[in-house]
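Please read the structure below before turning to the comments.
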Amino acid sequence: MVASDNVAKPSGRDESKTRGPIVPSGVNHVVLNVRDMEESHRFWTEVVGLRLVGKFRQLPGRKMWFYSGIGPDGLHHHDLALVENPNLPPSPAQWGMWDMPMAINHVAIAYPSREAWLSQLAYLQEKGIKFDRRIDHGMTHSLYLHDPNGYGVELVYELPREVWESDIDAALNFAELRPHEGPEALVDRTDIPTFGEQSRPPQ
């Protein structure tokens, strides 16, 4: 009988010594320490739009709340959790991408479409929420805010996969600052570049 090519054959070596890590499917959820649970709850629900899906009840006096995105059931059991810790240091007065005294630089929150993202920006502007910066990346168009604890929060819609998948590195290195105040902050360009090997700068 001829062995099938699909049947694993003994290799004569210890596979456990050559096996690498299994590639995960992605990040399941992020947990943030926050100074004031009620204040942070209002930000993540009334500003960002996440839904409260549960509260940790095993230890009296300890607050841990769980949040999910698009529903009715979300992509996971929860996407974000908050743990109240009143001992956190005060948040910086301004948020920036570089040199912040924060362990977490920013958390990115995805919206399901360009139209949903633009509606979210208009909603935030109507509420008087300060926009820290607007950037067109090569793989997303993004608005940056910060939460009451000083964590950066990036609100994004992802560009079509064919735009960036041929050269993710080039797409990651593309960034154009956009106006982040007034009516211009709600204008989104549609003449987006496509990235391939020809777009990568010389090494």
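Values quoted throughout were computed directly from the atomic coordinates according to the rules given, and no laboratory measurement underlies them. Quick caveat, the model's predicted, so the values are computed rather than measured. Neighbour counts run over all protein chains shown; Cβ positions are idealised from the backbone, glycine included.
General remarks:
- Per-pair calculated FRET efficiency, R0 = 35 Å: TRP98 and SER166 via Cβ, rounded to 0.05: 0.75
- Convex hull volume of the C-alpha atoms in the range 101-153, normalised per residue: 91 Å³.
- In the chain, the longest principal axis of the Cα atoms and the axis of helix 114-126 are about 20 degrees apart.
- Among the chymotrypsin sites (Phe, Trp or Tyr not before Pro) in the range 157-197, none is located in a DSSP loop while being surrounded by at most 11 other Cβ atoms within 10 Å of its own Cβ.
- In the chain, the C-alpha radius of gyration followed by the widest Cα-Cα span (Dmax) gives 21.5, 75 angstrom.
- Each residue in THR140, THR45, THR190 was given a count of other beta-carbon atoms within 10 angstrom of its own, and listing them fewest first yields THR190, THR45, THR140.
- Over the range 105-203, equivalent-ellipsoid semi-axes from the Cα gyration tensor in Å: 25, 15, 12
- Length released on extending from LYS55 to ARG114, taking residue separation times 0.36 nm less the Cα-Cα span: 18.1 nm
- FRET E, pair GLU181, ILE70, Förster distance 35 Å, beta-carbon r, rounded to 0.05: 0.75
- Helical contribution to [θ] at 222 nm, DSSP H n ≥ 4, -39,500 (n - 2.57), averaged over the chain, rounded to 500: -3500 deg cm²/dmol
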